[in-house]
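The values are calculated or read from the model by the stated rules, or taken from the named source; none is laboratory data. Note that this is a predicted model, so its numbers are computed, not measured. Ideal geometry is used to build each Cβ from the backbone, glycine not excepted, and the neighbour counts take in all protein chains shown.
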């Protein structure tokens, strides 16, 4: 299967529960950022996400309250670099005891000392290792030599230790589509479970002009879509059609909500119009209809996975053909 059966069923049960209660908007993923501290300053990352002080990290109690308030079955631990969070072991244990599935997004620099032999493998724990290209490209994006080689070593070690490992790749203006396919082949060689490929978001705080226009996204992803079914690509067929410019989708900013050291980020993980301390105000006062419409200038070139995968699944579920396509995709890979 594309994802483990427990992960897939947790999403399905949550969706059914929300639908039965009459809710049309609901979070499916919580992007939980316990800290804004990082050991890298990648070229495509927003400034606040790697300049925070460790002393300003969230407490375990604050993290767990955000998880309970949100109710999503999937917790995407990011930041910052989550392996730098001193209470990571206790956070993971608490999330797993609550029945949550954890996607730990990491640059892999500290996996051997902070995760391996510290946090045991679990069906509820996925390691999402960032690789924005092969060696030369990835080290350039990370702004440090040796990061790629270390990540490969950690993937190999993690697989041997029994961890579930995925790779996450961001496509930028200078990204070669041939290199993306080479990464897909690398996933197979390393025995990782899959690769999530998404176009980068144009953060205002990033000075370098490395992000794709919508036309450039369509051009690159039409080529990526052509070979995606040969590999363990984690994006759904409908999302890849959207990224390739073959269909339109509304944004679902409420499907992937973001809690940070500054509060709930509104309206979404990418666009920070404001930070709100409490869940009720964030959820009930954010103008979801406006952000769904994508009329804001900040949304012009956004085709990020976090905003549109939920909509892609919803669209697929509307027709027998779409449901069959989604089922076939889920069962392969």
*Identify, from the list 19, 61, 90, 68, the residue that is farther than 30 Å from residue 174 by Cβ and in contact with a helix residue (DSSP H, G or I) (Cβ under 7 Å, 6 or more places away or on another chain).*
90
_The listed residue being free of Cβ contacts under 8 Å to residues at least 60 places away in the same chain, surrounded by fewer than 21 Cβ atoms within 10 Å (Cβ to Cβ), over 13 Å from residue 183 (Cβ atoms) and touching a strand residue (DSSP E or B) at 6+ places or on another chain (Cβ under 7 Å), out of 118, 159_ = 159
*Would you check if there is a residue in the stretch 197-210 being in contact with a helix residue (DSSP H, G or I) (Cβ under 9 Å, 6 or more places away or on another chain), in a helix (DSSP H, G or I), farther than 22 Å from residue 5 by Cα and at pLDDT 90 or above?*
no
*For the stretch 99-116, what are the residues that are part of a loop (DSSP other than H, G, I, E, B) and more than 21 Å from residue 149 (Cα to Cα)?*
99, 100
_Count of the stretch 261-286 residues which are assigned to a loop (DSSP other than H, G, I, E, B) and within 21 Å of the chain's Cα centre (by Cα)_ = 6
_Can you find, within the stretch 129-156, the residue that is surrounded by the fewest Cβ atoms within 10 Å (Cβ to Cβ) among those that are touching a residue at least 12 places away in the same chain (Cβ under 8 Å) and assigned to a loop (DSSP other than H, G, I, E, B)?_
143
*So which residues in the stretch 233-283 are buried (at least 18 other Cβ atoms within 10 Å of the Cβ) and over 24 Å from residue 45 (Cα atoms)?*
236, 237, 238, 241, 249, 279, 282, 283
*Scanning the stretch 104-113 for residues that are free of Cβ contacts under 8 Å to residues at least 60 places away in the same chain and touching a strand residue (DSSP E or B) at 6+ places or on another chain (Cβ under 9 Å), which turns out nearest to residue 77 (Cα to Cα)?*
104
*Across the stretch 287-298, which residue is farthest from the chain's Cα centre (by Cα) among those that are surrounded by 14 or more Cβ atoms within 10 Å (Cβ to Cβ) and on the phi < 0 side of the Ramachandran plot?*
296
